[in-house]
Amino acid sequence: MKKRKWPGRSDGTYLNKIDPFMQALPYIMKGRNDSAVYFTQQIDITSLKAYLNALNHESAQSGGKKVTLFHAVLAAIVKTAVERPQMNRFVIGRRLYQRHKMTCAFVIKREFNDDAKEEIAILSFDEQDTLSTIAEKIQKEVHKVRQEAKSDDKKRHGAVNWFNYLMKMPRLLLKLMVAFLSWLDYHGWLPRFVIDADPMHASFFLSNLASLNVDAPYHHLYEWGTTSIFMTIGVSKKTAVVNKDQQLEIREMMNMAFTLDERISDGFYFARSIKRFQQLLEHPEQLNKPSKPPAG
C-alpha cells in the first residue's frame, strides 16, 4: 500500500496537479448521478466464444475448470484499467483521486431461483493478472460463497453480513451512523477495513444479465462510496452484419451498458478506453497476456 500523504486517503492519491477545469467539476456536479454518462457498446463476441470453447475443451481433458464469458469481460476490464489508469479514479469530498488498488464488485446468486439470496463479492487485481488467473480467482470466490451458504443459511458474505446486525438498530441511530460514516468518507477518514469490505468503494461494479437471458440495462451509480463505473453484460444475439468485404455475415453480438462518472476523466479518454476494451474482447488471445501500464 502506498504511503498516505495529506490530504490523501488510505485508498487513493489526491490529484491536485491536473487541469483546473477537472478540479472544478466536482463543485459544479456534486453527485455521481448528476455527472453520470450512459451508453451502450455492441461487441462482436464470435471470436471470443470460439476462443473460450477451445480453452475449455483443452481444460476439460486435463480436469480443469470452465472459463466463462463473464471471466473474459472482467479480464478485459482489468487490462483496460491497467493500460488506461484514469478509469480507476474516483471523486469524493469535491476532490479527484487516483485509486491505489484495482477492485471489482459483482453479485453471486447462491442458487438460480427467485428466493435465493444474493451475495456481493469484491476481488482485487493487478497488472500481472490474465484471463487464466482472473478466472481462477472468481471460481474460488464463487465456490467459497456457496459453500458458506450451505453451512450457514443466515450468515451473509462480507460486508453484507453487517446488515444482519445493523438493521436491528432504531432508525434514528442507523440514520445518524450512516451520516457519520459519510462525513468520515467525505474527509478521507473512513477506516480502511470499511473501505476494503464495501462493494461501493470498488473500482468497478459488474453485473451479468446474460446469465438471466436479459439485455443490458443502464444502472445508476451509488452516491454512497466511490465506485465511478457500473457495467452490465447483456444477452448475446445472432446478428446479420456487413463485413469488410461488404458481404452480409451472421455474427454473435453482445451489448454492454456503461454508466460512468464523467468527472474522473474526459470524453476522449473514455472513448479510447472503451474502444480498447472492445478490441480486447474481439481479439481474445490478448487476454492471456500480462498488461503493460503506461510509461511514467
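The values are calculated or read from the model by the stated rules, or taken from the named source; none is laboratory data. Keep in mind it's a predicted model, so treat the numbers as computed, not measured. Positions of Cβ are backbone-derived with ideal geometry, glycine not excepted, and every protein chain shown enters the neighbour counts.
For the reader, a short list of remarks on this structure follows.
- Subset of region 136-183 that is modelled with pLDDT of 95 or more and among the small types (G, A, S) - its residue that is surrounded by the most Cβ atoms within 10 Å (Cβ to Cβ): S182
- The condition of being buried (at least 16 other Cβ atoms within 10 Å of the Cβ), within 20 Å of the chain's Cα centre (by Cα), more than 25 Å from P85 (Cβ to Cβ) and not charged (D, E, K, R) holds for only one of G234, G225, that being G234.
- Residue check: I120 meets all listed conditions (1) more than 25 Å from F268 (Cα to Cα); (2) buried (at least 18 other Cβ atoms within 10 Å of the Cβ); (3) at pLDDT 95 or above but one, namely (3).
- In region 244-263, the residues that are hydrophobic (A, V, I, L, M, F, W, C) and within 16 Å of H220 (Cα to Cα): M256, A257, F258, L260
- Answer residue from region 269-296, given it is assigned to a helix (DSSP H, G or I) and of a type in the set (A, V, I, L, M, F, W, C) and is surrounded by the fewest Cβ atoms within 10 Å (Cβ to Cβ) among those: A271
- Selected residue [assigned to a loop (DSSP other than H, G, I, E, B), closer than 22 Å to T68 by Cα and touching a strand residue (DSSP E or B) at 6+ places or on another chain (Cβ under 9 Å)] from V214, V235: V214
- In region 1-97, counting only strands (runs of 3 or more DSSP E) that sit wholly within it, the ones holding 2 or more residues that are surrounded by 15 or more Cβ atoms within 10 Å (Cβ to Cβ) and among the aliphatic types (A, V, I, L, M) span 36-44, 89-92.
- Within region 223-260, being touching a Phe, Trp or Tyr at 6+ places or on another chain (Cβ under 8 Å) and under 15 Å from S203 (Cα atoms) holds for T226, T227, S228, I229, F230, M231, T232, F258, T259, L260.
- Boolean, L260 is in a helix (DSSP H, G or I), under 27 Å from G31 (Cβ atoms) and either modelled with pLDDT of 90 or more or not charged (D, E, K, R) (or both): no
- Selection status of K244, part of a helix (DSSP H, G or I) and of a type in the set (K, R): no
- Enumeration of residues in region 56-93 that are without any contact (Cβ under 8 Å) to a residue 40 or more places away in the chain and aliphatic (A, V, I, L, M): A60
- If you go through region 248-290 and keep only what is closer than 15 Å to V73 by Cα, polar (S, T, N, Q) and in contact (Cβ under 8 Å) with a residue 60 or more places away in the chain, you end up with N255, S273, Q278, Q286, N288.
- The single condition from (1) closer than 29 Å to F21 by Cβ; (2) of a type in the set (D, E); (3) exposed (fewer than 14 other Cβ atoms within 10 Å of the Cβ) that E262 fails is (3).
Conditions tested, residue by residue: (1) of a type in the set (S, T, N, Q); (2) under 29 Å from V78 (Cβ atoms).
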residue: M169; (1), (2): no, no
residue: L206; (1), (2): no, yes
residue: A210; (1), (2): no, yes
residue: N213; (1), (2): yes, yes
residue: T227; (1), (2): yes, yes
